[in-house]
Amino acid sequence: MTLLEERIRRDGVVRGPDVLKVDSFLNHQIDVELLDEIGKEFYRLFSGENVTKILTIEASGIGVACIAAQRFHVPVIFAKKSQTKNIAGPVYTSKVESFTHGRVYDILVSKEFLRPEDRVLLIDDFLANGSALQGLISLVRDAGATLVGAGICIEKAFQPGGALIRSMGVRVESLARVKALREGIGVEFL
Ligand code: 5GP
């Protein structure tokens with residue numbers, strides 16, 4: 001998606017060989033008009049799939065998931081990170097290793113909201129090693145729901161997540177695929 005690549009080129013900040021900061025438009029301050037274009041693109045890609053729920057993970061996936069959901073006219077579920085014990089009733093859980101914080105945490109979704117008849121689209125801001133998507137995929141499978149694919153804003157294609165998730169037979173659509181991050185120079189796309 002040219003618009004997103006241009007924005008990353010202009011405002012993305014490279015932090016070492018494997019971290020891209022996009023705090024000025026996606027991860028802290030949010031450019032809602034850009035998100036709207038992203039949502040439109042996810043809808044173009046997945047509109048034939050009869051999506052009934054969009055599933056993401058807190059916190060940074062929620063904004064883009066919500067804006068995409070307005071196109072699909074479906075609810076968003078965000079998997080909670082497990083310190084939140086304030087969900088009453090049965091839950092699906094799985095484990096995710098945080099790319100940015102380097103620790104493992106549990107994620108959970110109430111069984112009330114993820115049903116066997118659901119057709120689920122996963123949405124997240126970044127794909128790196130694939131742990132967040134693997135955790136979400138596991139929740140969908142435990143629920144007996146159908147996974148239609150994953151919509152990712154920025155895939156760091158030099159990291160293993162994209163190949164890993166595609167090798168599981170999951171359709172992954174990434175709007176910007178980063179080939180390399182060069183500190184002080186910039187971002188190269190595939
Ligand atoms: P994965 O589970 O695929 O290793 O990492 C995906 C998650 O880590 C995303 O939800 C995102 O929040 C975070 N993440 C991974 N790489 C980056 C990065 O380069 N920049 C930012 N801002 N977040 C990242």
**Study point:** From the options Ala79, Ala69, residue that is within 16 Å of the ligand (Cβ to nearest atom) and at pLDDT 95 or above
**Key:** Ala79
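Residue by residue, here is whether (1) within 15 Å of the ligand (Cβ to nearest atom); (2) of a type outside the set (A, V, I, L, M, F, W, C); (3) loosely packed, with under 15 Cβ neighbours inside 10 Å holds:
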| residue | (1), (2), (3) |
| --- | --- |
| Arg10 | no, yes, yes |
| Ser24 | yes, yes, no |
| Gln29 | yes, yes, yes |
| Gly39 | no, yes, no |
Revision key, fill the gap. With the first residue restricted to the range 1-26 and required to be assigned to a strand (DSSP E or B), and the second required to be surrounded by fewer than 19 Cβ atoms within 10 Å (Cβ to Cβ) and among the polar types (S, T, N, Q), Cβ contacts under 8 Å at 6 or more apart or on different chains are Val19/Thr100; Lys21/Asn27
Exercise for review: Can you tell me which residue among Val170, Val109 is more than 21 Å from Asp23 (Cα to Cα), within 14 Å of the ligand (Cβ to nearest atom) and outside any helix (DSSP H, G or I)?
Suggested key: Val170
Review point. Scanning for something at pLDDT 95 or above and among the basic types (Lys, Arg), does the range 148-158 turn up at least one residue?
Key: yes
Check your understanding: Which one of the conditions (1) at positive phi; (2) surrounded by 18 or more Cβ atoms within 10 Å (Cβ to Cβ) does His73 fail to meet, given that it meets all the rest?
Key -> (2)
Study note, to complete from the structure: Every listed condition ((1) at positive phi; (2) within 11 Å of the ligand (Cβ to nearest atom); (3) surrounded by fewer than 16 Cβ atoms within 10 Å (Cβ to Cβ)) holds for Gly144 save (2)
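The values are calculated or read from the model by the stated rules, or taken from the named source; none is laboratory data. Remember, it's a predicted structure, so these values are computed and weren't measured experimentally. Virtual Cβ from ideal backbone geometry, glycine too; neighbours counted across all protein chains shown.
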